[in-house]
Amino acid sequence: MEHLLRSQQTRAIAPEMDPLRLGMGWSLEDLEKPQIMVESTFGDSHPGSAHLLELVQEVCMGVKEAGGKAARYFTTDICDGQAQGHDGINYSLASRDMIANMAEIHAGATPFDAAVFVASCDKGVPAHLMAVGRVNIPTVMVTGGVMDAGPDLLTLEQIGKYSAMCARGEITEEQLTYYKHNACPSCGACSFMGTASTMQIMAEALGLMLPGTALMPATSPKLRHAARRAGAQAVWLAKEGLCPRHIVTRRSFENAILVHAAISGSTNSLLHLPATAHEFGLSLSADVFDRLHREACYLLDVRPAGRWPASYLYAAGGVPALMEQLRDALHLDVMTVTGRTLGENLDALKEDGYYERSDEML
């Protein structure tokens, strides 16, 4: 390694560090390795977080295989869906900032050489994006993918409609109960272009995820493989010293806004993207969205603006396919966590047969 890693600098001045880590079961060899924080929103709070421990474990395996040592940290997010209709919704936006604060505390109290951030949903993903910019250590993001659609392509955002229909006597209580029992058939973000799906896509569009890994089917083994690759990539980033502020620039945010328009993304992004930009030392006003959206393309036929569940996006080529369609409008020279530019990533995916494989959902 050409530079002394932060973890080793800390060991040199903090004699308690080694014995405390040995007390957790670390080996003497582990102490010398690149040390990677794996920060996640895992918890039994909703389908977008209940499965994340599996991905955390895959990340840790990827770190180990690449010669690093992983340390797991957790700050669980809440579910906006379960917070609706009562005072719980008042905690929603506040929870985003609390999660970002805890990630900063975890990274600041015990210096790490790199990080992998693992989240799925409405406040967890933007919270992690904010923390990535604030902490600014080499980082890869992993998102928990999207849940499957239910019978007859049933998705959660339709439940409000069916509830109103039942109240008007247009469907029976039994029909409504069936819809409620089948709208969320798996873990993952809700399968429509709400805040969760939108922000997963934004994380990749900003260059902070491995290409093609946002909004993968949560039930697919490919998502586990992507998490393991992300762990290995974090070790590489630690050795290279490539930090998020080297990657994410104003031009990266302009790319993300154009992708946001193409997917008819959640309007909550107008809260989360400027907050994220602020943590990267940038300013992003509503005027920027307006200017870019006036010349933008709407490409994605996904609910609620379109017809299909969000789980279909991966089979259509995912975020890379969207960016290929927008290629002439994007800044292809922006850096990404691969160590290559966006344009180089897109070229490499085509050469590697990514699009031929993406329709194999499982």
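Miscellaneous remarks
- Evaluated against (1) touching a Gly at 6+ places or on another chain (Cβ under 9 Å); (2) part of a helix (DSSP H, G or I); (3) crowded, with 21+ Cβ neighbours inside 10 Å, PHE253 falls short on exactly one condition, (1).
- Annotation: of all residues in the range 259-273 being surrounded by fewer than 21 Cβ atoms within 10 Å (Cβ to Cβ) and not small (Gly, Ala, Ser), the one that is farthest from LEU322 (Cα to Cα) is LEU271.
Results for (1) of a type outside the set (A, V, I, L, M, F, W, C); (2) more than 19 Å from the chain's Cα centre (by Cα); (3) closer than 18 Å to MET209 by Cα, shown as yes or no for each residue.
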| site | (1), (2), (3) |
| --- | --- |
| SER311 | yes, no, no |
| GLU324 | yes, yes, yes |
| LEU332 | no, yes, yes |
| GLY339 | yes, no, yes |
| GLU356 | yes, yes, no |
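- Remark: pairs (first residue in the range 301-328, assigned by TED's automatic domain parsing to the domain that holds THR198; second residue among the acidic types (Asp, Glu); Cβ separation under 6 Å; 6+ apart in sequence or on different chains) = PRO304/GLU157; ARG307/ASP301; TRP308/ASP301; SER311/ASP148; ALA315/ASP359; VAL319/GLU204.
- ARG134, sole failed condition from (1) surrounded by fewer than 24 Cβ atoms within 10 Å (Cβ to Cβ); (2) more than 18 Å from MET202 (Cα to Cα); (3) in contact (Cβ under 8 Å) with a residue 12 or more places away in the chain: (2)
- For the range 310-340, taking the residues that are of a type in the set (S, T, N, Q) and assigned to a helix (DSSP H, G or I), the one that is surrounded by the most Cβ atoms within 10 Å (Cβ to Cβ) is identified as SER311.
- Of all residues in the range 70-98 being in contact with a Cys (Cβ under 9 Å, 6 or more places away or on another chain) and among the charged types (D, E, K, R), the one that is surrounded by the most Cβ atoms within 10 Å (Cβ to Cβ): ASP77
- Some residue of the range 69-86 being closer than 17 Å to MET141 by Cβ and in contact (Cβ under 8 Å) with a residue 60 or more places away in the chain: yes
- THR155 being surrounded by 17 or more Cβ atoms within 10 Å (Cβ to Cβ), outside the structural domain of PHE112 (by TED's automatic domain parsing), touching a residue at least 24 places away in the same chain (Cβ under 8 Å) and under 21 Å from the mean Cα position of the chain (by Cα): yes
- Just one of the listed residues (ALA70, ALA127, ALA115) is more than 16 Å from the chain's Cα centre (by Cα) and not in a loop (DSSP other than H, G, I, E, B), and it is ALA70.
- Residue match in the range 122-139 (condition: in contact with a Pro (Cβ under 8 Å, 6 or more places away or on another chain) and more than 24 Å from GLY62 (Cβ to Cβ)): no
- Selection count, the range 174-212, where residues are of a type in the set (Phe, Trp, Tyr) and in contact with a Phe, Trp or Tyr (Cβ under 8 Å, 6 or more places away or on another chain): 1
- From the list ALA205, ALA183, the lone residue that is within 25 Å of LYS161 (Cα to Cα) and either surrounded by fewer than 24 Cβ atoms within 10 Å (Cβ to Cβ) or in the same structural domain as ASP347 (by TED's automatic domain parsing) (or both) is ALA183.
The values are calculated or read from the model by the stated rules, or taken from the named source; none is laboratory data. Note that this is a predicted model, so its numbers are computed, not measured. Glycine also receives a Cβ, built like all others from the backbone with ideal geometry; neighbour counts cover every protein chain displayed.
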